[in-house]
Amino acid sequence: MSLLYKSTHLKGHLVRNRVVFPPMVCFNWSDNYGIVSKLHLEHYEKRSVGGVGMVIVEATAINPLGRLAPSQLGIWNEQQVDGLSRLADVINSNGAISLLQIHHAGDKTPKSVTEEPVAPSSYILSDGRKTKSLTKGEIKMIQLDFLEAALRAEKAGFHGIEIHGAHGYLINQFLSPTLNQRKDEYGGTFENRLRFIKEVMEMLTDQLPENFILGYRHGANTPDLDGGMEIAKALEKMGVDLLHVSAGIGEADAHPTVPAEFPYNWIVYMGSEVQKTVDIPVILVNGIRTPPEAEELINNNDGDFVAIGRGILVDSKWSVKGAESKTVNPCHRCRPRCYYIVDGRKCPQYTNA
Ligand SMILES: Cc1cc2nc3c(=O)[nH]c(=O)nc-3n(C[C@H](O)[C@H](O)[C@H](O)COP(=O)(O)O)c2cc1C
């Protein structure tokens with residue numbers, strides 16, 4: 001049997017295989033209170049029944065003023081825990097490990113949420129809004145929002161969380177020497193730019209149970225791949241248990257050159273390079289479509305897990321079909337964007353998935 005379908009352990013939890021369903025927002029399935037709906041429950045139930053080893057539930061807002069959309073799932077108050085608990089239950093009871101991605105959009109918080117998004121520094125955005133540079137007191141409050149979100153996720157029954165540190169969102173903004181222009185202890189040097197996440201990790205490692213998985217989505221080209229590998233090593237030291245390598249805020253020419261013999265894109269390549277520099281498990285992601293591709297990456301030891309996003313949106317049985325060498329449904333790569341950003345029910349494969 002391919003190594004992709006071989007079980008492993010993570011912080012004492014059995015993970016039945018190396019296939020991960022990564023965080024994929026399902027906008028317009030919740031109300032303005034960010035509560036889990038019937039659509040979410042059915043969606044995640046299907047994907048865990050479909051045989052993945054781990055489900056990382058979509059970006060869930062830790063603070064209503066850091067949401068990506070008014071209908072984003074939320075974890076900033078106790079009323080949201082009941083629905084999240086049902087969500088964890090549908091995933092766990094179908095044999096998958098459940099993580100919840102916790103998120104603050106920072107300067108990417110849209111106008112529909114706030115006129116004044118917060119960020120490490122103050123600057124003008126392309127839509128004319130000006131970001132508010134966080135005071136030290138406000139930094140502390142947002143760090144506590146991350147802690148409270150993790151505590152709620154644990155209370156809801158998730159096996160762990162994934163901190164969203166990629167894709168240009170708040171934590172990624174702190175790590176970026178371009179966007180983080182602070183003159184205090186949260187900006188400037190490498191250590192200072194890492195301070196925001198370091199202080200969050202200190203609270204999490206102190207207050208969450210020993211077997212609670214602390215994952216991190218890493219924008220590994222921040223500010224370039226060498227810098228991203230240094231950050232990865234620092235995250236490991238802070239107590240991160242699992243690194244999910246994706247894109248971040250790169251400087252000019254920050255996409256690494258992929259060697260001709262590596263048949264996947266630069267994001268997967270970054271994951272394979274990060275995997276060589278840390279001892280914690282690494283999830284590879286981006287553009288991996290078929291089970292044989294995922295098998296090749298795991299067999300070559302390029303990563304420890306492989307995440308399949310759009311592939312599993314269009315085929316919830318991707319993992320079981322792969323294990324039986326069956327063909328999976330193709331994703332149409334819709335333009336200008338994937339329908340799940342608008343409403344997943346409009347995805348051309350929604351009913352087949
Ligand atoms: C509709 C959609 C929603 C997404 N939502 C999230 C999210 O909530 N959090 C996150 O970190 N990445 C998100 N992503 C990025 C995916 O997790 C993944 O990295 C990306 O789709 C590339 O993987 P794929 O080629 O296997 O789809 C999203 C991508 C899409 C297309």
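The values are calculated or read from the model by the stated rules, or taken from the named source; none is laboratory data. Just so it is clear, the structure is predicted and the values come from calculations on it, not from any experiment. Because the Cβ atoms are built from the backbone with ideal geometry, glycine has one as well, and the counts that use them run over all protein chains shown.
Going by the conditions given, is Thr205 surrounded by fewer than 20 Cβ atoms within 10 Å (Cβ to Cβ), more than 23 Å from Phe146 (Cβ to Cβ) and away from the ligand (no atom under 16 Å from the Cβ)?
Against the criterion (surrounded by fewer than 20 Cβ atoms within 10 Å (Cβ to Cβ), more than 23 Å from Phe146 (Cβ to Cβ) and away from the ligand (no atom under 16 Å from the Cβ)), Thr205 does not qualify.
Of all the helices (runs of 4 or more DSSP H) wholly in segment 166-281, which have at least 2 residues that are among the aromatic types (Phe, Trp, Tyr)?
Per the criteria, 190-207, 266-277.
Just give me the residues in segment 316-329 being away from the ligand (no atom under 11 Å from the Cβ) and in contact (Cβ under 8 Å) with a residue 40 or more places away in the chain, in sequence order.
Ser316, Lys317, Ser319, Val320, Gly322, Ala323
Between a residue in segment 119-137 that is among the hydroxyl-bearing types (Ser, Thr, Tyr) and any residue that is in a strand (DSSP E or B), which pairs come within a Cβ distance under 6 Å, given they are 6 or more apart or on different chains?
Close Cβ pairs (under 6 Å, with a partner that is in a strand (DSSP E or B)) amount to Ser121/Ser133; Ser122/Ser133; Thr131/Ala119.
Being touching a helix residue (DSSP H, G or I) at 6+ places or on another chain (Cβ under 6 Å) and away from the ligand (no atom under 16 Å from the Cβ) narrows it down to one of Gly239, Gly248, Gly227, so name that one.
After ruling out the rest, the residue left standing is Gly239.
Quick check on Gly250: is it touching a residue at least 12 places away in the same chain (Cβ under 8 Å) and out of contact with any strand residue (DSSP E or B) (no Cβ under 7 Å at 6 or more places or on another chain)?
Values: touching a residue at least 12 places away in the same chain (Cβ under 8 Å): yes; out of contact with any strand residue (DSSP E or B) (no Cβ under 7 Å at 6 or more places or on another chain): yes.
Spelling it out, Gly250 is indeed touching a residue at least 12 places away in the same chain (Cβ under 8 Å) and out of contact with any strand residue (DSSP E or B) (no Cβ under 7 Å at 6 or more places or on another chain).
Which residue pairs have Cβ atoms closer than 7 Å, lie 6 or more positions apart in sequence or on different chains, and pair a first residue in segment 282-305 that is more than 17 Å from His218 (Cβ to Cβ) and at pLDDT 95 or above with a second residue that is away from the ligand (no atom under 12 Å from the Cβ) and of a type in the set (Lys, Arg)?
Every condition considered, the pairs that remain are Ile298/Arg18.
Within segment 109-131, which residues are touching a Pro at 6+ places or on another chain (Cβ under 7 Å) and under 24 Å from Tyr186 (Cα atoms)?
Within segment 109-131, Thr109, Arg129, Thr131 qualify.
Would you check which residues across segment 1-36 are in a loop (DSSP other than H, G, I, E, B) and within 16 Å of the ligand (Cβ to nearest atom) and list them?
Arg18, Pro22, Pro23, Met24, Val25, Cys26, Phe27, Asn28, Trp29, Ser30, Gly34, Val36
It is to be established whether one or more residues within segment 175-197 are of a type outside the set (D, E, K, R) and within 14 Å of the ligand (Cβ to nearest atom).
No - not one qualifying residue is present in segment 175-197.
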